[in-house]
Amino acid sequence: MIVGDVIPFGEKPYEPARKLLDDGAKGPSKGSKTAPVTIVEFSDFQCPHCKDAQPAIEKLLAAHPDVKFVFQNFPLALHDWARKAATYADCVAQTGKPDAFWKFSGDVFEAQAQITAPTRTRS
């Protein structure tokens, strides 16, 4: 009888999980594609906790430039404009301008409190 999780053994015990994560995380990324560590943030632009996490994430990435970071949109149903912001972010990421997504996401988190039902539809 086994109770709890089975701990994998071997040279690269978590390689299948890492491959699954790398294949599934398709969001904008920073850092080397071959980095030994990948961090995937599942984030909601309307979530105040996600906003609060941004300075810590930036500090972590500055301290560890050998890490790959992937931003994965994860809009929560309880947030009325999060899905629209995620859609806009996906469009910005596809422009081909390397820093456009990161500027957009920073600006959205910064303006989070000012984005309301009347203001979110403005151009």
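Return one number: the angle in degrees, 0 to 90 and rounded to the nearest 10, between the long axis of the Cα atoms of helix 48-63 and the longest principal axis of the Cα atoms of the chain.
Roughly 60 degrees between the two axes.
By the 4.7 Å beta carbon criterion, which cysteine residues of the chain come out unpaired?
Lacking a cysteine Cβ partner under 4.7 Å: C91.
Helix 15-24 sits at what angle to the longest principal axis of the chain, using alpha carbons and giving 0 to 90 degrees rounded to 10?
Compared with the principal axis, the helix lies near 20 degrees.
Out of the trypsin sites (Lys or Arg not before Pro) in region 4-36, which ones are loop residues according to DSSP with at most 11 other C-beta atoms within 10 Å?
Values: sites: R18, K19, K26, K30, K33; in loops: K26, K33.
Listed in order of number, the matching sites are K33.
Specify the angular offset, from 0 to 90 degrees and rounded to the nearest 10, of the alpha carbon long axis of helix 82-93 from the longest principal axis of the alpha carbons in the chain.
Around 80 degrees separate the two axes.
Per residue, how much accessible area does the chain have with a 1.4 Å probe, in Å²?
Working: 8780 Å² over 123 residues.
Solvent-accessible surface per residue comes out at 71 Å².
Below 8 Å between Cα atoms, with a sequence gap of 6+, how large is the relative contact order for the chain in percent?
26
Whenever you get a sec, compute what percent of the accessible area on region 1-117 sits on carbon and sulfur atoms (1.4 Å probe). Each step should come with its number before you reach the end.
Values: 5040 of 8140 Å².
Its accessible area is 62 percent carbon and sulfur atoms.
The values are calculated or read from the model by the stated rules, or taken from the named source; none is laboratory data. All values reported here derive from a predicted model rather than from experimental measurement. For neighbour counting, all protein chains shown are included, and Cβ atoms are generated from backbone atoms with ideal geometry for every residue, glycine included. Heavy atoms of the whole protein, side chains included, go into the accessibility calculation; ligands, DNA and RNA do not. Shrake-Rupley method; radii C 1.70, N 1.55, O 1.52, S 1.80 Å.
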